[in-house]
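A short write-up of the structure that comes next.
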Amino acid sequence: MKKALFLMLLVFAASGLMAQAANEENTLTVYAYDSFASDWGPAGTLIPKFEEETGIKVNLVSAGDAVEMISRVELEGEDTRADVILGITDDFAYRAYPYLESYDSPILSDIPEELKFDPENRLIPFDYGAFAFVWDSECGLDKPESLSDLTKAEYKDKVILIDPRTSSVGLGLLLWTYNIYGDGEEFTSWWEAMNENALTIADGWSSAYGLFTEGEAPIVLSYTTSPVYHVMNDNTTRYQALIFDEGHEATIEGIGIVKGTDMREEAEKFVDFILTEAQLDIAIANSMYPVNSSIELPQAFDYAPKPDKLYRSGATSPEKTEELQEAWLSIMTANN
Amino acid sequence: MRRKDSGYYTLRALPGILILVILFLIPLFFTFSYAFHDNGKALVAVFSDKYTYRLLAFTLKESLLSALISVAVAIPLSSFFSKYTFPFRRAVLTLAGLSFTIPTILVVLGFVIWYGNNGFLNNILMRITGRDYSVLSILYSFKAIILAHVYLNFPIAFLLITNGWTELPDTPEKAAYTLGAGRARTFFSVTLPRLLPTILSAFILIFLFCFSSFSIILVLGGNPAFSTFETEIYRRVNINVDREGAAALSIFAFFVTGVMLIITSPGRRERKASRKRRVLIKATGRKLFAAVLLMLLILLFILPPMLSIIYRAFYTKAGAFTLRAWEDIAKGSTGLMSTALNGIINSFMIALVASCLAVFLGSGIAMAAAKRNSWFIPFLSSLPMATGSVTLGLGFSLLAVVLGHDSILISYLLVTLAHLTIILPFAVRTIIPGAKAIPDSLAAASYTLGISKGRTLRKVEAPLLAPYKRKAFAFAFALSLGEVNATLTLSDGHVSTLPILIYRMISSYNYQGAAALGTLLLAEALIVFAIGQGGRKNAIS
């Protein structure tokens with residue numbers, strides 16, 4: 001048994017060694033979130049392309065989600081291996097700024113002003129999305145036209161919400177309602193009504209959307225871009241994003257160069273690459289809109305209508321966010 | 001005398017304890033130290049906040065109830081399974097361990113496909129009753145939480161108690177019957193006391209699992225009033241970035257689970273040198289009928305959510321057969337790493353190495369604990385379970401930063417060791433009842449014959465421990481197979497296991513692909529379990 005175990009460890013170690021990719025000097029280390037870095041994410045095709053075009057080796061490190069990525073850079077401090085971090089959302093940007101240096105990329109002129117959340121260009125937006133309710137247009141209910149429509153009695157148990165304490169999408173809705181209703185009476189009554197109408201309040205987007213595709217309820221909190229998947233893969237336009245005139249909460253993802261990097265030139269090339277050639281692949285893979293206005297989107301994106309009015313999540317202070325979460329919790333648990 | 005003897009066993013437990021200290025305790029202390037910043041302001045805030053106690057009340061209620069029901073359901077079934085032998089007995093026991101491997105997100109999906117308002121069960125009932133709305137509304141309530149917890153954890157109770165019971169010789173019961181004691185009286189005053197360590201072991205494992213559960217509670221509970229400590233810790237770590245508050249809350253939760261662990265650690269008991277395993281009676285006639293009925297009942301409970309996942313891998317929601325999910329998986333194999341095949345191999349290798357080590361080190365720890373009659377060693381080794389996955393994840397990410405490396409080999413090693421830390425408590429808790437049941441007099445007799453301690457352990461004690469080790473291996477393997485967070489954190493995403501691929505599939509909207517990968521995961525676990533069970537015809541469970 002012990003011999004077998006030892007052998008197994010040996011084989012295991014050997015297979016690990018063989019799998020060990022190039023790890024040379026002069027590689028650009030990029031921290032990114034997991035869904036970008038995996039081979040099924042956009043990185044699988046983009047990174048080899050970048051390496052081939054520029055001759056710069058890239059070491060992509062999947063450092064969890066946006067928060068985990070920042071935490072990691074904070075903990076590592078000056079010793080961080082990262083030269084570039086990719087995927088910090090605007091609402092957590094303030095925590096990343098101290099570790100980033102400005103980069104006035106020539107591509108900035110192709111990015112609409114309202115998306116540039118950092119005036120110093122330490123974080124440059126590379127894609128963005130808007131939260132929206134997605135609904136099954138064949139469910140037989142009337143189409144909701146506004147946030148307040150959702151509070152009507154006919155949608156009882158028809159809506160799947162997401163907890164703002166455990167999910168950034170859930171938090172997006174909380175801030176969305178705050179931007180529209182403020183934090184007073186209107187806010188409270190909207191959530192009170194939704195507490196009735198919500199079938200469940202899921203822990204994250206994954207389970208919420210899973211419930212939705214299983215037909216548990218015809219309306220779910222998601223993104224305006226969600227229908228794209230169904231058009232491209234299921235060839236159906238049955239699932240549609242509801243665009244409300246009141247406006248939508250946006251989430252913007254940024255890329256930045258880490259302070260004190262000794263590969264500034266390579267890092268700039270990488271950022272520019274992400275802002276140009278990589279835009280379409282990232283948009284499709286992430287189900288987000290590209291920021292570069294010169295990018296032509298595939299037809300399926302016709303089903304991902306861009307809202308006219310956007311609120312930026314990053315504009316709400318962290319203290320306010322926490323206050324709103326607490327208010328939310330007391331509203332939602334009032335009857336229990 | 002006993003103390004002197006135990007030195008050797010303590011020595012054998014050391015490597016396991018060392019790994020725990022390096023991989024778990026040190027990062028944990030770093031994490032916890034956040035709570036003491038600013039003169040422990042966060043800690044004071046947590047201890048004086050009413051909300052903390054509301055969380056505590058609900059968390060305790062939910063986890064105690066889940067553990068109690070799981071154990072209560074398991075005992076009668078185990079009583080039958082540890083008395084009779086019948087066809088498919090072992091197959092059912094093997095299948096029971098499977099639910100453990102499935103990542104939470106798929107459990108939720110399986111539950112929704114089966115029990116959902118629009119799920120199979122409701123569709124069947126609607127057809128029978130002729131109604132056009134859902135007949136049973138099980139999900140999105142407190143009972144759904146308990147149902148899911150029992151579903152996930154009942155196998156622990158069932159397998160552990162059956163195992164422990166089969167290992168108990170039934171001579172005392174026979175004596176009790178001879179003396180005219182009734183069945184109930186015999187059970188409560190003869191069987192139960194001897195079975196108690198095993199029952200407690202199962203109970204505390206389930207309790208700890210449910211204590212740190214949160215996905216299932218939120219999704220299936222349907223109401224934020226159902227929030228556990230883990231929800232709040234998660235919020236503070238990932239959404240509000242309040243590391244001090246999260247650490248303070250973790251300490252509070254840790255304190256509660258620690259107390260639970262200490263109360264439930266079995267006390268000093270005298271062990272007698274009767275090592276006769278019971279002989280299983282062949283079930284015939286009415287007993288065989290009962291066996292079939294019980295097996296059907298268990299399978300009817302365990303299988304549907306799993307079969308639902310497999311069904312979804314082949315059929316769309318509309319009911320059309322498709323192989324697209326499988327094509328999607330095949331398409332992924334253009335890259336070098338991260339492909340499905342790689343995921344299967346990675347999952348298998350990591351689970352195999354980690355659970356072999358866990359059983360090896362775990363039995364060292366369990367034997368030392370039994371010999372020293374110590375509560376502290378099992379307590380120490382149970383701590384990773386008592387910590388909760390969010391805090392554990394925080395510790396691991398700290399470790400990843402400290403160890404900052406670029407090597408894939410180190411990633412593999414770290415991931416395997418992290419899995420080991422997570423599954424070791426399980427292995428130890430599973431083996432301890434076995435180790436405690438080994439009478440000291442056996443070893444003493446062996447020493448008298450001039451046989452060394454090492455040889456005594458190998459030839460006398462180890463064989464007695466074997467059935468417990470097998471169970472421990474199965475649990476450890478299943479647990480490791482389903483692990484996600486530590487793997488992601490410690491490998492920088494360079495090591496892709498099946499559950500990680502499942503989450504990636506889902507984040508790109510591909511639920512069917514995720515179900516297909518889930519099917520592969522179940523198949524992998526089933527094959528390993530079957531191999532582990534087969535070839536041991538003389539084994540009783």
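The values are calculated or read from the model by the stated rules, or taken from the named source; none is laboratory data. Note that this is a predicted model, so its numbers are computed, not measured. Virtual Cβ from ideal backbone geometry, glycine too; neighbours counted across all protein chains shown.
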Among the candidates B:Tyr133, B:Tyr140, which residue alone is over 25 Å from B:Phe81 (Cβ atoms), within 14 Å of chain A (Cβ to nearest Cβ), among the hydroxyl-bearing types (Ser, Thr, Tyr) and in contact (Cβ under 8 Å) with a residue 40 or more places away in the chain?
B:Tyr140
The one condition A:Ser71 fails out of (1) away from every other protein chain (no Cβ under 14 Å); (2) in a helix (DSSP H, G or I); (3) among the polar types (S, T, N, Q) is (1)
Going by the structure shown, is B:Thr94 β-branched (Val, Ile, Thr), within 14 Å of another protein chain (Cβ to nearest Cβ) and either more than 16 Å from B:Ala313 (Cβ to Cβ) or surrounded by fewer than 21 Cβ atoms within 10 Å (Cβ to Cβ) (or both)?
no
In this structure, is A:Met18 more than 28 Å from A:Lys269 (Cβ to Cβ), modelled with pLDDT of 55 or more, over 22 Å from the mean Cα position of the chain (by Cα) and not β-branched (Val, Ile, Thr)?
no
B:Ile527: crowded, with 20+ Cβ neighbours inside 10 Å, of a type in the set (A, V, I, L, M, F, W, C) and at pLDDT below 90, yes or no?
no
Would you point out which residue out of A:Ser313, A:Ser294, A:Ser226 is surrounded by fewer than 16 Cβ atoms within 10 Å (Cβ to Cβ), hydroxyl-bearing (Ser, Thr, Tyr) and modelled with pLDDT under 95?
A:Ser294
Taking A:Glu120 and the conditions (1) surrounded by fewer than 20 Cβ atoms within 10 Å (Cβ to Cβ); (2) in contact with a strand residue (DSSP E or B) (Cβ under 7 Å, 6 or more places away or on another chain), which numbered condition does it fall short on, given that it satisfies the others?
(2)
Could you tell me whether region A:206-215 includes any residue that is among the small types (Gly, Ala, Ser), under 26 Å from A:Lys309 (Cβ atoms), part of a loop (DSSP other than H, G, I, E, B) and in the same structural domain as A:Glu326 (by TED's automatic domain parsing)?
no
Using the structure shown, decide if B:Leu442 is under 17 Å from B:Asn346 (Cα atoms), of a type outside the set (Ser, Thr, Tyr) and away from every other protein chain (no Cβ under 14 Å).
no
Positions within region B:176-227 being touching a strand residue (DSSP E or B) at 6+ places or on another chain (Cβ under 6 Å) and assigned to a helix (DSSP H, G or I), in sequence order:
B:Val219
Restricting to region B:403-436, name every residue that is over 22 Å from the mean Cα position of the chain (by Cα), surrounded by fewer than 24 Cβ atoms within 10 Å (Cβ to Cβ) and not β-branched (Val, Ile, Thr).
B:Leu403, B:Gly404, B:His405, B:Asp406, B:Ser407, B:Leu409, B:Ser411, B:Leu413
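Taking region A:232-253 on its own, how many of its residues are of a type in the set (A, V, I, L, M) and surrounded by fewer than 22 Cβ atoms within 10 Å (Cβ to Cβ)?
3
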The residue from B:Phe100, B:Phe47 that alone is modelled with pLDDT under 85 and in a helix (DSSP H, G or I) is B:Phe100
Residue list for region B:19-43, restricted to those being buried (at least 16 other Cβ atoms within 10 Å of the Cβ), under 27 Å from the mean Cα position of the chain (by Cα) and either among the basic types (Lys, Arg) or over 16 Å from B:Ala386 (Cβ atoms) (or both):
B:Ile19, B:Phe30
Six or more apart or on different chains, Cβ under 9 Å: which pairs go from a residue in region B:224-240 that's more than 19 Å from A:Thr333 (Cα to Cα) and within 8 Å of chain A (Cβ to nearest Cβ) to one that's among the basic types (Lys, Arg) and not in a helix (DSSP H, G or I)? Could you list them?
B:Ile239/A:Arg165; B:Asn240/A:Arg165
Residue count, region B:208-246 (criterion: among the hydrophobic types (A, V, I, L, M, F, W, C) and over 22 Å from B:Asn117 (Cβ atoms))
11
Residue selected from region A:34-68 under the condition modelled with pLDDT of 85 or more and in a loop (DSSP other than H, G, I, E, B), by the criterion nearest to the other protein chains (Cβ to nearest Cβ)
A:Ile56
A:Glu76: passes all of (1) surrounded by fewer than 22 Cβ atoms within 10 Å (Cβ to Cβ); (2) more than 10 Å from chain B (Cβ to nearest Cβ) but (2)
Mind checking which pairs have a first residue in region B:308-328 that is more than 17 Å from B:Ala523 (Cβ to Cβ) and a second that is exposed (fewer than 14 other Cβ atoms within 10 Å of the Cβ) and among the hydroxyl-bearing types (Ser, Thr, Tyr), Cβ under 9 Å, 6 or more apart or different chains?
B:Tyr315/B:Thr322; B:Thr316/B:Thr322
May I ask you to list pairs of residues, at least six apart or on different chains, whose Cβ atoms are under 7 Å apart, with the first in region B:383-402 being away from every other protein chain (no Cβ under 13 Å) and the second being of a type in the set (Gly, Ala, Ser) and surrounded by fewer than 21 Cβ atoms within 10 Å (Cβ to Cβ)?
B:Ala386/B:Gly258
Taking only pairs six or more apart or across chains, which ones have beta-carbon atoms under 6 Å, a first residue in region B:280-292 that is within 17 Å of B:Ser78 (Cβ to Cβ), and a second residue that is at pLDDT 90 or above and assigned to a helix (DSSP H, G or I)?
B:Ala283/B:Ala291
Would you tally the residues in region B:377-429 being out of contact with any helix residue (DSSP H, G or I) (no Cβ under 8 Å at 6 or more places or on another chain) and farther than 15 Å from A:Ala63 by Cβ?
2
Among (1) in a helix (DSSP H, G or I); (2) at pLDDT 95 or above; (3) of a type in the set (A, V, I, L, M, F, W, C) - the single one A:Ala93 does not satisfy
(2)
